[in-house]
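The values are calculated or read from the model by the stated rules, or taken from the named source; none is laboratory data. Predicted model, so just to flag it, every value in this text is computed and none were measured. All Cβ positions, even for glycine, are placed from backbone atoms using ideal geometry, and neighbour counts span all protein chains on display. Keep in mind that these areas ignore ligands, DNA and RNA; they rest on the heavy atoms of the full protein, side chains included. Shrake-Rupley method; radii C 1.70, N 1.55, O 1.52, S 1.80 Å.
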Amino acid sequence: MKIEYRETSDDLMKRIDIHSRYGSRDIDQWMLELLAPQKGIKILDVGCGAGKLCFSFYKHLDGDCEIVGGDVSLELLEKAEKENQKRDAGIRFMELDFNKPFPFEDDTFDLLSCSFAIYYAENIPFTISEMKRVLKPGGKLFTTGPMPQNKQKFYEIIRKATGQTIPPMPGSSRYESEIYSEVQKQFPKADLIIFENPLVFDTAEPFLTYTGASLSEDRKLWKNLFQGEAGFDVVMEKIASVTEDEIKQHGSITMTKVVGGIVAVK
Ligand SMILES: C[S@@+](CC[C@H](N)C(=O)[O-])C[C@H]1O[C@@H](n2cnc3c(N)ncnc32)[C@H](O)[C@@H]1O
């Protein structure tokens, strides 16, 4: 299944910022506790974006590790590389399309991570088999993605504002079902661990920033809700009005991120 989708650096950074400012938990901390990575290991982060996870691993391991971050977005890779140089981290950022064979030998990495990206793959069995192939025997696969219960408040407000059905999202509609079952099929051992993070908004503005960066036309995921920039502005105005009403009525809104972490061992 080909998924028309494009992440822009601006939208991704806005969402990351809102998570860190309004969330009650830190997903990277959760991941590090869950995986307990050891110094000296070789890590491949697939769909690395601006390198958020790569830098978390690097910091946690005091730089004593070899990290490769791969993504298709040159814009995000450039951002990652800038940060890499600023930190003098020596992480290797490179172009990698997870719909194509990975440019690595079999049995290369101890840990392969893929955060909020695997569900954009065109052929899930193929991408997972590439992930497994480049892992060493005993190596770990770690992926994150949204569960079906993810951010219900967000969808409820959009439904209320537009009166339209929410299109099936590539993540929440396939992660727990299609993707987890494929990992279970290909790996001898796989577990799904849930991470919940309530984001609490006392004012509408940050929620609207998050919503705008999720719906934006650039990402191409919400095409049935609006056409073009003018259509986007109209939808955002309606969402703003529903959000403000909700906050007036309840004092705040809580959008809970419900994320599944898949951990599998080769
Ligand atoms: C929501 S972002 C997550 C980025 C990063 N992992 C993070 O957690 O901040 C999804 C990422 O998947 C990348 N992506 C989408 N299609 C891809 C493909 N075919 N191959 C590699 N990366 C891809 C996007 O460019 C984007 O960086």
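Hey, how much of the P(r) for region 42-99 falls beyond 18 Å, as a percent of Cα pairs?
Values: 338 of 1653 pairs.
Cα-Cα pairs in region 42-99 separated by more than 18 Å: 20 percent.
Per residue, how much accessible area does the chain have with a 1.4 Å probe, in Å²? Please report the intermediate quantities before stating the final value.
Numbers: 12390 Å² over 266 residues.
Per-residue accessible area for the chain comes out at 47 Å².
What ranking of Phe187, Phe104 comes out by heavy-atom accessible area, probe 1.4 Å, highest first?
Values: Phe187 5, Phe104 30 Å².
Heavy-atom accessible area, descending, gives Phe104, Phe187.
Take the Cα gyration tensor of the chain, multiply each eigenvalue by 5, square-root it, and list the three semi-axes largest first, rounded to whole angstrom.
Details: eigenvalues 210, 76, 65 Å².
That gives 32, 19, 18 Å for the three semi-axes.
Compare His250, His60 by solvent-accessible area with a 1.4 Å probe and give them largest first, with all protein chains kept in place. Display every interim value, and only then the final one.
Details: His250 115, His60 85 Å².
These residues rank, largest area first, as His250, His60.
How big is region 79-159 by Rg and Dmax over its Cα atoms, in Å?
Calculated on Cα positions, Rg and Dmax stand at 16.2, 47 Å.
Share of region 151-196's accessible area from carbon and sulfur, percent, 1.4 Å?
Working: 1120 of 2290 Å².
Accessible surface attributable to carbon and sulfur in region 151-196 totals 49 percent.
Can you give the FRET efficiency to the nearest 0.05 for Glu229 and Gln29, using r as the Cβ-Cβ distance and R₀ = 41 Å?
0.60
Take each of the peptides 72-78, 41-47, average the number of other beta-carbon atoms within 10 Å over its residues, and list them starting from the highest. Intermediate results must be reported in sequence, preceding the final value.
On the way: 72-78: 16.7, 41-47: 24.1.
Most protected by this proxy first, the peptides run 41-47, 72-78.
In square nanometres, what is one fourth of the surface area of the convex hull spanned by the alpha carbons of region 129-242?
Details: hull surface 34.9 nm².
Answer in nm², one decimal: 8.7.
Taking all pairs of different Cα atoms in region 1-108, averaging 1/r and flipping that mean, what Kirkwood radius in angstroms comes out?
Values: mean 1/r = 0.0670 Å⁻¹.
Computed over region 1-108, the radius equals 14.9 Å.
For region 118-266, with only Lys/Arg (+1) and Asp/Glu (-1) charged at the beta-carbon, what is the dipole magnitude about the Cα centre, in debye rounded to 20?
Numbers: 18 positive and 18 negative charges, 176 e Å.
The dipole magnitude comes to about 840 debye.
Of all accessible surface on region 213-266 at a 1.4 Å probe, what whole percent is carbon and sulfur? Write out the running numbers ahead of the final one.
On the way: 1200 of 2510 Å².
Accessible surface attributable to carbon and sulfur in region 213-266 totals 48 percent.
So what does the Cα-only Debye profile of region 1-60 read at q = 0.13, 0.19, 0.24 Å⁻¹, as log10 I(q)/I(0), no solvent term?
Each listed q maps to, in turn, -0.45, -0.87, -1.12.
When DSSP beta bridges are limited to those with both residues in the chain, what percentage is antiparallel, rounded to the nearest 5? Walk me through the numbers on the way to the answer.
Details: 21 of 39 bridges.
About 55 percent, rounded to the nearest 5.
Keeping the other protein chains in place, figure out the carbon and sulfur percent of the accessible area of region 1-99, with a 1.4 Å probe. Could you put the intermediate results ahead of the total?
Working: 2420 of 5260 Å².
Exposed carbon and sulfur together represent 46 percent of the surface.
Which one of Leu225, Thr211, Pro188 has its Cα pushed farthest toward the positive end of the charge dipole of region 147-243, where Lys and Arg give +1 and Asp and Glu give -1 at the Cβ?
Pro188
Calculate the dipole size of region 114-201 relative to its Cα centre from +1 charges on Lys and Arg beta carbons and -1 charges on Asp and Glu beta carbons; express the result in debye to the nearest 20.
Working: 11 positive and 8 negative charges, 24 e Å.
Value, rounded to 20: 120 debye.
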